[in-house]
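Enquirer: Mind having a look at this structure? Questions to follow.
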Amino acid sequence: LYELRHYMKNAAAFGSRYRNRPMWDGKPTCARVLIWAAQGFGDCIQMLRFVREVRRRCPNVVLEVQPELVRLCMASGIEARPVGGLQAERWDFDIQCSLLSLPLVLDVQAINWLMKDRLRAPWLTENLARANNGPRVGLCWKSSSSTTPERIARQMTDEQIKPLTQRFDFVSLQREHMTG
């Protein structure tokens, strides 16, 4: 039922700006496909893992993400363009799909989607990339728009984070901590 978000009165709030164009069904095609970001950074980052599979099926893909995520995509070998300006008029495409709709159109239940393709932060040096206490984990513990009760409830406190630091080597992905 998540796909119904595109047809709600407030669809623009969910990023459904291209719903007037045909949606890609996940099948291989030579048509020009626009994959576009919707909602917050965390949702988009989570779905970037599927972009390589989209490109395997469709050679003509444009990925549109928030300007703040373009460097992360490029450093990870994923070509991306920033949202903004003319948007749809700027990109030449035939069909479209929300980044958040990729699990549906790619039928993720039928495929082993263990994270094989890792994202690489552009500011991550070789020294920072080496783990000291076990697996290196990127952590974002607070939403960029933490004013609603739902978002506040999803934040992690120092008390919740502290036990995790004994098992994992963390890198802050908190936007206000990013450099470069």
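Enquirer: How much length is gained on full extension from residue 32 to residue 107, taking 0.36 nm per residue of separation minus their Cα-Cα distance? Display every interim value, and only then the final one.
Expert: Working: separation 75, 0.36 × 75 = 27.00 nm, distance 2.05 nm.
Extra length available between residue 32 and residue 107 comes to 25.0 nm.
Enquirer: Then there's this: Spin-label point model (7 Å from Cα, Cβ direction): what's the residue 120 to residue 71 distance in nm?
Expert: 1.6 nm
Enquirer: Additional query: Mind listing the phi-derived Karplus ³J(HN,Hα) values for region 24-33, rounded to whole Hz, using 6.51, -1.76 and 1.60 with θ = phi - 60°, and x for any glycine or proline?
Expert: Each residue's phi maps through the Karplus curve to give 5, 9, x, 7, x, 7, 9, 5, 7, 10 Hz.
Enquirer: Could I ask something else about it? Accessible surface of residue 41 in the full protein assembly, 1.4 angstrom probe, to the nearest 10 Å²?
Expert: For residue 41, solvent-accessible area is about 50 Å².
Enquirer: Starting from the 7 Å offset along Cα-to-Cβ, what nm value, one decimal, do you get for the label separation of residue 46 and residue 60?
Expert: For residue 46 paired with residue 60, the spin-label model returns 3.2 nm.
Enquirer: Next question. Using amide H atoms built 1.01 Å from N in the peptide plane, name the residues 5+ places from residue 154, or on other chains, whose amide H lies under 5 Å from its own.
Expert: Hits under the 5 Å cutoff: none.
Enquirer: Same structure again: How far is it, in nm, from the label point at residue 151 to the one at residue 20 when both lie 7 Å from their Cα along the line to the Cβ?
Expert: In this crude spin-label approximation the distance works out to 2.9 nm.
Enquirer: Out of residues 5 or more away from residue 81 or on other chains, whose amide H comes under 5 Å of its own, with H placed 1.01 Å from N in the peptide plane?
Expert: Those lying under 5 Å, H to H, from residue 81 are 63, 64, 65.
Enquirer: Run the numbers for residue 95 and residue 169: contour at 0.36 nm per residue of separation, minus the present Cα-Cα distance, in nm. Walk me through the numbers before you get to the answer.
Expert: Values: separation 74, 0.36 × 74 = 26.64 nm, distance 4.12 nm.
Fully extending the segment from residue 95 to residue 169 adds 22.5 nm.
Enquirer: Please list 31-37, 137-143, 61-67 highest first by mean number of surrounding beta-carbon atoms within 10 Å per residue. The partial results should precede the final answer.
Expert: Details: 31-37: 21.1, 137-143: 14.7, 61-67: 19.3.
Highest to lowest by the protection proxy: 31-37, 61-67, 137-143.
Enquirer: If you rank 70, 54 by how much accessible surface each has, with a 1.4 Å probe, what is the order from largest down? Numbers along the way, then the final one.
Expert: Values: 70 30, 54 0 Å².
The residues order as 70, 54, largest area first.
Enquirer: Efficiency by 1/(1 + (r/R0)^6): what FRET value for residue 79 and residue 160, r their Cβ-Cβ distance, R0 = 45 Å, to the nearest 0.05?
Expert: Values: r = 36 Å, r/R0 = 0.81.
E between residue 79 and residue 160, to the nearest 0.05, is 0.80.
The values are calculated or read from the model by the stated rules, or taken from the named source; none is laboratory data. Values in this document were obtained by computation on a predicted structure and should not be read as measured data. Don't worry about glycine lacking a Cβ; one is built from the backbone with ideal geometry, like all the others, and counts go over all protein chains shown. For the accessible areas, the whole protein counts, side chains as well, though only heavy atoms, and no ligand, DNA or RNA atoms are used. Shrake-Rupley method; radii C 1.70, N 1.55, O 1.52, S 1.80 Å.
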